1. Out of the residues in the range 159-180 that are charged (D, E, K, R) and in contact (Cβ under 8 Å) with a residue 24 or more places away in the chain, which is most open to solvent (accessible area, probe 1.4 Å)?
2. Taking the range 284-298 as the search range and keeping residues that are over 21 Å from Ser161 (Cα atoms) and in contact with a strand residue (DSSP E or B) (Cβ under 7 Å, 6 or more places away or on another chain), which one is surrounded by the fewest Cβ atoms within 10 Å (Cβ to Cβ)?
3. Those residues that are open to solvent by less than 30 Å² (accessible area, probe 1.4 Å), in a loop (DSSP other than H, G, I, E, B) and farther than 25 Å from Leu420 by Cβ, I need them from the range 95-122; list them, please.
4. Strands (runs of 3 or more DSSP E) wholly in the range 254-318 with at least 2 residues that are in contact with a Leu (Cβ under 9 Å, 6 or more places away or on another chain) and under 27 Å from Gly80 (Cβ atoms) - which ones?
5. Take Leu249 and tell me if it is open to solvent by less than 10 Å² (accessible area, probe 1.4 Å) and either more than 21 Å from Met206 (Cα to Cα) or among the hydroxyl-bearing types (Ser, Thr, Tyr) (or both).
6. When the residues of the range 34-89 are narrowed to those that are open to solvent by 30 Å² or more (accessible area, probe 1.4 Å) and hydrophobic (A, V, I, L, M, F, W, C), which ends up farthest from the chain's Cα centre (by Cα)?
7. Suppose we filter Leu387, Leu380 for residues that are within 20 Å of the chain's Cα centre (by Cα), farther than 16 Å from Lys242 by Cβ and in a loop (DSSP other than H, G, I, E, B); which single one remains?
8. Give me the pairs: first residue in the range 138-158 and more than 16 Å from Met281 (Cα to Cα) and open to solvent by 80 Å² or more (accessible area, probe 1.4 Å), second residue outside any loop (DSSP other than H, G, I, E, B) and at pLDDT 95 or above, beta-carbon distance under 7 Å, and six or more apart or on different chains, which are they?
Amino acid sequence: DNFSVPEFCSQSVLLPLFVCRFHVTGGQQSKEHYKVLVLGGGSGGIAMSARMKRKVGAENVAVVEPSEMHYYQPLWTLVGAGAKSVKGSGRPTASVVPSGVKWIKSHVQEINPDKNTVRTGDGKEISYKYLIVALGLQLHYEKIKGLPEAFEHPGIGSNYSVQTVNKTWAALQNFKEGNAVFSFPNTPVKCAGAPQKIMYLSDAYMRKTGKRSKANIIYNTSLPVLFGVKKYADALWEIVKKRDLQVNLRHNLIEVRADRREAVFEKLDSPGETVTVEYEMLHVTPPMGPPEVLKGNPLADEAGWLDVDKNVLQHKRYPNVFGIGDCTNLPTSKTAAAVAGQSAVLDRTISKVMKNGQPDKKYDGYTSCPLVTSYNTVILAEFDYNLEPLETFPIDQSKERRIMYHMKADLMPHLYWHGLLRGLWGGPGPYRKLMHLGMK
């Protein structure tokens, strides 16, 4: 007959075929089914895989992720400034996928939420009972004219990609005199503080190496503000003034002419007007957007982001679909800290939905950005949906502190690998209550 027993069935063909988890019919490709299917093996995907393993058993969970390596990206700010190595930021994906959970090493080609199926790049069709979308976002260097080919020239780098983060450090080391330029794009981004953190670190490096007097440091941002939360923005403006940094608001990078070392910015408040700046060093933050597979999909909003309820992280139209992290349209800053807070809420939401209950735990939009201001100081920004500070410690976190730098550089990576990715860290919420003696 025209069927064969697939290799993932029980070894003994004498056992009835239905012990196999995969339904096989004559002439058709076998179809895999999982109770929980997770799309994406980044922070959100791995954290939720670990949590779902505890909930439904490892054999009922699968994660789709094409990359061989998993990176702790917050470290790249320090890598670009020579304070950490890129090697120390990555681990094999195989080592972070929870044991027993199926790793499907492919990319997501198509999602069909009406049929509860996903097709992967190798043509495999997988069905699910519950879907967790954790696909992250896409970097679009190509949307800036002259990129990504400009990265082959000296003096230009970007902390947003594993391929280009070391180029930032090279550009910083080789800087002699002239303009050091830092950009922020006219799109949503992940870690909105990172584009200016590298500016503060570059300033510190130049002072340390005696080059600062020959440098003109320029931060050109598309935003109308330096930072979205006033308390921290005020503190950052003080640093900008004190260190003689030049900030131009509503300036968006549209072209890099690497052969001439020129960067072209459009003035967003004066349509049609551009400014060309010569650079000795240029740090590019690329435009970013939703994953290609979500664009035009019934799961996405008009802009292409996963359309979820901002309180419980359940999809607005498909109750068995959930989202976490950068791919969602949650109106909060896209960070690993946000993923931690979301993971605890989503865990609870899915538990309730699996038991036919109503989700009751609400995500408050908690996110955090350790604003690295030098090689030994950090302003720890923590805030919620309303852009109101939501601070863990009972001290003024808008002040630069050494202890916060050590937390960022040394403690947080451990918390990430051993806490968040294992589904054991759901953000500092419970500790905040303790620290403030129940006042918050």
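1. Of the residues in the range 159-180, the ones charged (D, E, K, R) are 167, 176-177.
Remaining after also requiring in contact (Cβ under 8 Å) with a residue 24 or more places away in the chain: 176-177.
Values: Lys176: 139, Glu177: 112 Å².
Once the filter is applied, the top-ranked residue is Lys176.
2. Start the filter on the range 284-298 by keeping residues that are over 21 Å from Ser161 (Cα atoms), which leaves 294-298.
In the following step, the residues that additionally are in contact with a strand residue (DSSP E or B) (Cβ under 7 Å, 6 or more places away or on another chain) were identified as 294, 297.
Details: Leu294: 27, Asn297: 18.
Going through the qualifying residues, I end up with Asn297.
3. Matches in the range 95-122: Pro113 only.
4. On the way: elements: 262-267, 274-278, 281-283.
Those strands (runs of 3 or more DSSP E) span 262-267, 281-283.
5. Values: open to solvent by less than 10 Å² (accessible area, probe 1.4 Å): no; either more than 21 Å from Met206 (Cα to Cα) or among the hydroxyl-bearing types (Ser, Thr, Tyr) (or both): yes.
Considered against the rule, which asks whether it is open to solvent by less than 10 Å² (accessible area, probe 1.4 Å) and either more than 21 Å from Met206 (Cα to Cα) or among the hydroxyl-bearing types (Ser, Thr, Tyr) (or both), Leu249 comes out as no.
6. Top of the filtered list is Ala83.
7. Values: Leu380 fails: in a loop (DSSP other than H, G, I, E, B).
Matching residue, one of Leu387, Leu380: Leu387.
8. Lys145/Ile254; Lys145/Glu255
The values are calculated or read from the model by the stated rules, or taken from the named source; none is laboratory data. Everything numeric in this text was worked out from a predicted model, so none of it was measured. Quick reminder, even Gly has a Cβ in these numbers, built from the backbone with ideal geometry, and neighbours come from all protein chains shown. For the accessible areas, the whole protein counts, side chains as well, though only heavy atoms, and no ligand, DNA or RNA atoms are used. Shrake-Rupley method; radii C 1.70, N 1.55, O 1.52, S 1.80 Å.
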